[in-house]
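The values are calculated or read from the model by the stated rules, or taken from the named source; none is laboratory data. A quick note: this is a predicted structure, and the numbers were derived from the prediction, not measured. So basically every Cβ, Gly included, is an ideal-geometry build from the backbone, and we count neighbours across all protein chains shown.
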Amino acid sequence: MILALQQAAPQFFDLTPGSLDILGGWLVCFFTLAVFSFLYRDNPFYKTAEHAFVGLGTAYYTLQYWKEGIWEPVVEYMEERSADMDAGELYSLGGMDIEPWLAISLRIIPLLLGLMLLWRLFSPNSWAPRWPLAIMVGVYAALKMTGETQSKLVVLLAEAMTPLTDPTKVGWAEWSNIEQWDVFFTFSKIVFFVGLFCALGHFLFTYKRTPLLAGVSRIGVITLMITFGSMFGFTVLGRIALLIERVDALEGYSAPAYSLVDAPPPGTDPGFLNAALSPPFIIGGIIVLLLAIGAISRRGKSTA
Amino acid sequence: MAAIHDFDRRWIFLAMGVLVTTLYTLGSEKALTNSEYVDSYYATIEALPEGSVVMLSADFDPASAAELLPAYTATIHHLLKRNLKVVNVATWPPAPPYTREEFYRIAPMYGAEYGTDWTAMGFLPGDDVAMGNIGQSLRSAYPKDDVDGTEYDNLPLMAGLGDNMEGVDLLITMSAGYPGILEWIAQVGGRYETPILAATTAVQTPDLFAFYPNQCVGFLGAATGATRYLQLIDELTDGAVEEVKLENQKRMMVQSWAHMLIILLIVVGNLIYFFGAKGKQGAKA
């Protein structure tokens, strides 16, 4: 998408935010096509892309967590509070003005708990990591229990108990105006209720499976299958969108500005040679050629 | 029949690749009809008075940018065009570069200034705990911004905000998974009165229907939702998103045909399965 929005001609190497460069274009095409080559079979191009992805991803995430999780909240924080202490200023924490030494002491507690967590590396059976772990589990459980119970249980249960008629519509009296019928609303509410009731009935294991319960369970299974089918449909939708975006990117990098041949004057036809010497075609051609040579050599070995 | 059972699935990949590439190169745009969820997303932003503060959370990464970046771009255009103030946060590490890139490009179009009209507070580690922290106190969650380390109180936009989401009129998340819209609803929606909007990936969209409209006021489901939204704001933004809209409409046309191919393959696969099973039963008898 950024390709479509970029107005100026790309430079060979440019790290300005929001701009793309020629070197980056070639790399994008190589990694995209290298990953796609896995659809044929596992190969060195795919392996290269996979290792680069894992390496770069790890490096990026490590730096982000180092900056946001250690450097700023620990190192910089301590330095700034020490400066406050030297200047004789108070520090505002949670709406209260406190002495900087107290702020430092309070920050040392989580730091110590973090170090205790790492103690497992030196002594696997030590008691030290259990304390921070217990605190983490407790805090997380409390956070989850309050917020999630409210949003995913209480509110949803209340919403399941709604009237069968739509209060925003006039109702059955207005037969002449089809826009005001609420028959579809009522029908969807009945389907929802039957589906919910039967899906819950399917998971009722404490009673003997009578024919009635088996029937309810059967409808519940059909409801669940329709739900899973819908979810699968959405998943396919997402995957196709990703493929189209990659094709869009490759098409963008086949523009004359990225080609090995000099870009023609604006308004003139770039010609076949210009497109053929653009990153997607050159890199795609090389990958296909080398994979074909590999396949032929393997076939030669297997027949020998 | 045995030959069909031994059919190499790579032919299907190739067919899909050829179909998508050909249609994308030769095809034209396809306009979509409106949707209740997208209309509600649009109407909620439109209903905010000028100068309201919106928290925009970028909870996505490059793997989901194909689906969420068009929605993100469109939302930024809409917010800035309406003179709303935007506080940018992120709970996914790779998201902040997208925020900076998009705002550096779009903000000058509407004369929006950093610090007064928009801020970029950056990534906060901790997933749902971080979200709870942001809701509780933006000041303690983000002592400095993500651009050049400016102190919280030196950013005029931030200085006007209080604890417990005080001063934040709307929360919008670009949600690719965990943590995302469901965690925002649990940690912020369930505790404060702030309404929530979302743009989601296709995989996450089915989860959201249950939360609409009470806990999530409106949402853009996948690239389809983003395209519908771009159609809605095109006129409002004086054609600033025209190019992105046309590109997305073209993608929708390709997507429709790709789905037709998948449906065809599912039907053919099932026919082969059922006729194959019948053939085997006949052979046993």
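Tally up the residues in the range B:257-272 that are farther than 18 Å from A:PHE232 by Cβ and within 24 Å of the chain's Cα centre (by Cα), please.
Of the residues in that region, 1 qualify.
Pairs please, first residue from the range A:210-224 and farther than 12 Å from A:PHE197 by Cα, second anywhere and surrounded by fewer than 12 Cβ atoms within 10 Å (Cβ to Cβ), Cβ atoms under 9 Å, 6+ apart in sequence or on different chains.
none
Scan the range A:118-129 and tell me whether some residue there is more than 14 Å from chain B (Cβ to nearest Cβ), polar (S, T, N, Q) and assigned to a helix (DSSP H, G or I).
No: zero hits.
Assess whether B:GLY162 counts as being within 13 Å of chain A (Cβ to nearest Cβ) and either part of a strand (DSSP E or B) or within 18 Å of A:GLY69 (Cβ to Cβ) (or both).
no
Could you please find all residues in the range B:153-201 being touching a Lys or Arg at 6+ places or on another chain (Cβ under 8 Å) and of a type in the set (Gly, Ala, Ser)?
The answer is B:ALA186, and nothing else.
Condition check: within 14 Å of chain B (Cβ to nearest Cβ), closer than 24 Å to B:GLY27 by Cβ and in contact (Cβ under 8 Å) with a residue 60 or more places away in the chain. Does A:GLY284 satisfy that?
The answer is yes for A:GLY284.
Please go through the range B:172-218 and give me each residue that is among the β-branched types (Val, Ile, Thr), within 22 Å of A:VAL236 (Cα to Cα) and at the interface with chain A (Cβ under 10 Å from one of its Cβ atoms), ordered by number.
B:THR200, B:THR201, B:VAL203, B:THR205
So that you can scan it fast, the table gives a plain yes or no per residue for (1) within 10 Å of chain A (Cβ to nearest Cβ); (2) over 16 Å from the mean Cα position of the chain (by Cα):
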position: B:GLU67; (1), (2): yes, no
position: B:ILE76; (1), (2): no, no
position: B:THR91; (1), (2): no, no
position: B:PRO94; (1), (2): yes, no
position: B:ALA107; (1), (2): no, yes
position: B:GLY111; (1), (2): no, yes
position: B:THR116; (1), (2): no, yes
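Give the residues of the range A:255-304 that are exposed (fewer than 14 other Cβ atoms within 10 Å of the Cβ) and in a loop (DSSP other than H, G, I, E, B), sorted by residue number.
Within the range A:255-304, A:LEU260, A:ASP262, A:PRO264, A:PRO265, A:PRO266, A:GLY267, A:THR268, A:ASP269, A:ALA304 meet the criteria.
Any chance you could count how many residues in the range B:1-50 are in contact with a strand residue (DSSP E or B) (Cβ under 9 Å, 6 or more places away or on another chain) and without any contact (Cβ under 8 Å) to a residue 60 or more places away in the chain?
Qualifying residue count for the region: 1.
Is it true that some residue in the range B:2-10 is within 14 Å of chain A (Cβ to nearest Cβ) and either part of a strand (DSSP E or B) or in contact with a helix residue (DSSP H, G or I) (Cβ under 7 Å, 6 or more places away or on another chain) (or both)?
Yes, the range B:2-10 contains at least one residue that is within 14 Å of chain A (Cβ to nearest Cβ) and either part of a strand (DSSP E or B) or in contact with a helix residue (DSSP H, G or I) (Cβ under 7 Å, 6 or more places away or on another chain) (or both).
In the range B:108-115, is there at least one residue being surrounded by 23 or more Cβ atoms within 10 Å (Cβ to Cβ) and of a type outside the set (Ser, Thr, Tyr)?
No.
Name the single residue, out of those in the range A:92-114 being of a type outside the set (A, V, I, L, M, F, W, C) and surrounded by 14 or more Cβ atoms within 10 Å (Cβ to Cβ), that is farthest from the chain's Cα centre (by Cα).
Step by step, filter the range A:92-114, then rank; the result is A:GLU99.
Residues are listed down the side, and each one gets a yes or a no for (1) at positive phi; (2) aliphatic (A, V, I, L, M):
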residue	(1), (2)
B:ASP8	no, no
B:GLY27	no, no
B:ASN34	no, no
B:GLY51	yes, no
B:GLU67	no, no
B:ALA71	no, yes
B:HIS77	no, no
B:VAL87	no, yes
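Condition test on B:ALA71, is it at pLDDT 95 or above, more than 10 Å from chain A (Cβ to nearest Cβ), crowded, with 17+ Cβ neighbours inside 10 Å and assigned to a strand (DSSP E or B)?
When the stated conditions are applied, B:ALA71 does not pass them.
Go through (1) more than 13 Å from every other protein chain (Cβ to nearest Cβ); (2) of a type in the set (Lys, Arg); (3) within 22 Å of B:MET252 (Cα to Cα) for B:LYS85 and report which single condition fails.
Only one criterion in (1) more than 13 Å from every other protein chain (Cβ to nearest Cβ); (2) of a type in the set (Lys, Arg); (3) within 22 Å of B:MET252 (Cα to Cα) is unmet by B:LYS85, namely (3).
Please specify each residue of the range A:8-45 satisfying the condition of being assigned to a loop (DSSP other than H, G, I, E, B) and buried (at least 19 other Cβ atoms within 10 Å of the Cβ).
Those that are assigned to a loop (DSSP other than H, G, I, E, B) and buried (at least 19 other Cβ atoms within 10 Å of the Cβ): A:PRO10, A:LEU20.
Condition first: surrounded by 17 or more Cβ atoms within 10 Å (Cβ to Cβ), within 14 Å of chain A (Cβ to nearest Cβ) and among the aliphatic types (A, V, I, L, M). Can you find one or more residues in the range B:45-58 that meet it?
Yes, the range B:45-58 has at least one match.
Would you be able to tell me the number of residues in the range B:127-158 that are on the phi > 0 side of the Ramachandran plot and either touching a Pro at 6+ places or on another chain (Cβ under 7 Å) or in a helix (DSSP H, G or I) (or both)?
Qualifying residue count, the range B:127-158: 1.
Run down A:THR16, A:THR62 and say which single residue is closer than 30 Å to A:ALA263 by Cα, out of contact with any strand residue (DSSP E or B) (no Cβ under 7 Å at 6 or more places or on another chain) and without any contact (Cβ under 8 Å) to a residue 40 or more places away in the chain.
Step by step, each of A:THR16, A:THR62 is checked, and only A:THR16 is closer than 30 Å to A:ALA263 by Cα, out of contact with any strand residue (DSSP E or B) (no Cβ under 7 Å at 6 or more places or on another chain) and without any contact (Cβ under 8 Å) to a residue 40 or more places away in the chain.
Name the residues in the range A:130-156 that are over 16 Å from B:GLY132 (Cβ atoms) and within 12 Å of chain B (Cβ to nearest Cβ), would you?
A:LEU153, A:VAL154, A:VAL155, A:LEU156 - these are the residues of the range A:130-156 that are over 16 Å from B:GLY132 (Cβ atoms) and within 12 Å of chain B (Cβ to nearest Cβ).
B:ASP8 passes all but one of (1) of a type in the set (Asp, Glu); (2) more than 16 Å from B:ALA198 (Cβ to Cβ); (3) assigned by TED's automatic domain parsing to the domain that holds B:THR116; which number fails?
If we test B:ASP8 against (1) of a type in the set (Asp, Glu); (2) more than 16 Å from B:ALA198 (Cβ to Cβ); (3) assigned by TED's automatic domain parsing to the domain that holds B:THR116, just (3) comes out false.
Could you check the range A:211-233 and list, in sequence order, the residues that are over 25 Å from B:ASP207 (Cβ atoms) and surrounded by fewer than 14 Cβ atoms within 10 Å (Cβ to Cβ)?
Within the range A:211-233, A:PRO211, A:LEU212, A:ALA214, A:GLY215, A:ARG218 meet the criteria.
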